[in-house]
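Single-structure report; data block below.
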Amino acid sequence: MLTVNLPEDLEKFLRAEVESGRFASIDAAVDLALRRLLNPPPEGLRTEEELHRYMYEIGIITQLPQKGVDLDDDDEEELIEIEGEPLSETIIRERR
């Protein structure tokens, strides 16, 4: 186990990123930051496909997206109102 002491502003930033749901945990956020530090994106990534291939090669994603498959079909989406606390708050509370 590694313990890292961060300046207060960076710690607040990490916590806010996790609370927003962008990352599952502080460990996940730090992991991605270190992977990007070790493997900065090459100059000249011009297409989404090049970005996906780069992310796959360094382990950020585990498979390449399928071409021509629209997983986000906005025409059929209907929002569902959920009562109670936000899901992100439930997840954070349960992980503590």
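Values in this text are rule-based calculations from the coordinates and carry no lab data. Every value quoted in this text rests on a predicted model; they were computed, and no experiment measured them. A quick note on method: Cβ atoms are made from the backbone with ideal geometry, for glycine too, and the neighbour counts reach across all protein chains shown.
Where helices (runs of 4 or more DSSP H) fall entirely within the chain, those with at least 1 residues that are touching a helix residue (DSSP H, G or I) at 6+ places or on another chain (Cβ under 6 Å) and either among the hydrophobic types (A, V, I, L, M, F, W, C) or surrounded by fewer than 10 Cβ atoms within 10 Å (Cβ to Cβ) (or both) are at 8-19, 26-38. Please verify whether the stretch 38-54 includes one or more residues that are within 30 Å of Leu87 (Cα to Cα) and touching a Pro at 6+ places or on another chain (Cβ under 7 Å). The answer is yes; a qualifying residue exists.
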